[in-house]
1. If you check every pair at least six apart or on different chains, which have Cβ atoms under 6 Å apart with a residue in the range 100-129 that is in the same structural domain as Phe38 (by TED's automatic domain parsing) first and a residue that is modelled with pLDDT under 70 and β-branched (Val, Ile, Thr) second?
2. Could you tell me whether the range 151-167 includes any residue that is loosely packed, with under 15 Cβ neighbours inside 10 Å, outside the structural domain of Tyr71 (by TED's automatic domain parsing) and over 49 Å from the mean Cα position of the chain (by Cα)?
3. Restricting attention to the range 167-181, report how many residues are in contact with a helix residue (DSSP H, G or I) (Cβ under 7 Å, 6 or more places away or on another chain) and closer than 13 Å to Leu199 by Cα.
4. Can you pull out every residue in the range 62-93 that is more than 15 Å from Ser42 (Cβ to Cβ), of a type outside the set (Gly, Ala, Ser) and either surrounded by 13 or more Cβ atoms within 10 Å (Cβ to Cβ) or under 16 Å from the mean Cα position of the chain (by Cα) (or both)?
5. List pairs: first in the range 153-175 and part of a helix (DSSP H, G or I), second hydroxyl-bearing (Ser, Thr, Tyr), Cβ under 9 Å, 6+ apart or cross-chain?
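The values are calculated or read from the model by the stated rules, or taken from the named source; none is laboratory data. Because the structure is a prediction, the values reported are computed rather than measured. A quick note on method: Cβ atoms are made from the backbone with ideal geometry, for glycine too, and the neighbour counts reach across all protein chains shown.
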Amino acid sequence: MESENNLIKPEHSETAGVPFPEGLSSVLSVIPDIIYRFDYDSRITYISGAVKRYGCQPVELIGKYLPDLVYNADKEKASEWIKEWRTADGNIEPIELRLLTKNQKEIYFKFYCTTVKEFKALKKNMDSSGFIGIQGIAIDISELKRAEEDKAYLSKLQGFLETTRLICHELSQPITVISGYSEMVLLNKAKDDPQYEKLLEIQKQAGKLEEITRKLRYMAKYIMKDDIPGIEIIGERD
C-alpha cells in the first residue's frame, strides 16, 4: 500500500482496474480535489489523500460503497448514476452529490468520471462490455452552493423590500384620508357629543397605522450590496 498522501490501492482488490501510471504520486499528493476509482459494484478501490481535509484517512474508505457515503436525500440520484456507469462508453455526465463526513456534515461535490474497461479477460464482476468501474475527480463545490443560496436569498429579500415599499405607498393615502376626515369632524364636535370618543379612537388607530407604515418605509430605505457580484438590493430612498 502506498503512503496516505498518495493514491491508495488495496492489495486484495480484484476490481481495481488498470493502475494509475507510475510517477503520479507526487502530483496526486498536492491536488486539493479527490481522485477516485470505483469498481463495478460502486466500492472505492482508489482514493487520494485529499480526503484527509474532511477528517478521513484514505485507507478508511477503501472498500466502502458510494451509496453508504451519500446524504439520504441524494441516495436515489446516486443509485441512478451508478446504473448509468454500466451502459456508458467513455465520459459520464457530471453529477452533484452531497456526501457525509464522519460528523455527518454535508459536503457538496461535483463528480467527473470516465469508465474503466478491461478486455484481456473477463473477470468477476465484469460484464460483456469489459466494464469494471469508473475513475475520475470529485470537486468540492460547497462554497459555490452557498453563494447560489445567498444569491437566491438576496433575490427574495429584494422582492420583499419592493413589496413592503408598495404596501406602504398604498396604505398611506387611505390612512391620511381617515386621519384627516376624523380630525375635521372632531373640530365640529363637542367633547360631550356621543360620537366624539368614537371619532377620537378612529383618529388614534389611524395614527398607529401611520406609525407602522412609517417604520416599514424606513426599514426599506437602504441600499444593500452583497459580496456576490451582480447582487444589489435597492430599497426606497429619500
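1. Asn125/Thr15
2. Scanning the range 151-167 turns up no residue that is loosely packed, with under 15 Cβ neighbours inside 10 Å, outside the structural domain of Tyr71 (by TED's automatic domain parsing) and over 49 Å from the mean Cα position of the chain (by Cα).
3. Start the filter on the range 167-181 by keeping residues that are in contact with a helix residue (DSSP H, G or I) (Cβ under 7 Å, 6 or more places away or on another chain), which leaves 168, 171-172, 175, 178-179.
Within this subset, residues satisfying the condition of being closer than 13 Å to Leu199 by Cα are 178-179.
Result for the range 167-181: 2.
4. If we filter the range 62-93 for residues that are more than 15 Å from Ser42 (Cβ to Cβ), which is where we start, we get 71-73, 89-91, 93.
Going one step further and asking which of them are of a type outside the set (Gly, Ala, Ser), we end up with 71-72, 89, 91, 93.
Within the range 62-93, Tyr71, Asn72 qualify.
5. Correct list of pairs: Leu161/Tyr222; Ile167/Thr213; Cys168/Thr213; His169/Thr213; Leu171/Thr213; Ser172/Thr213; Ile175/Thr213.
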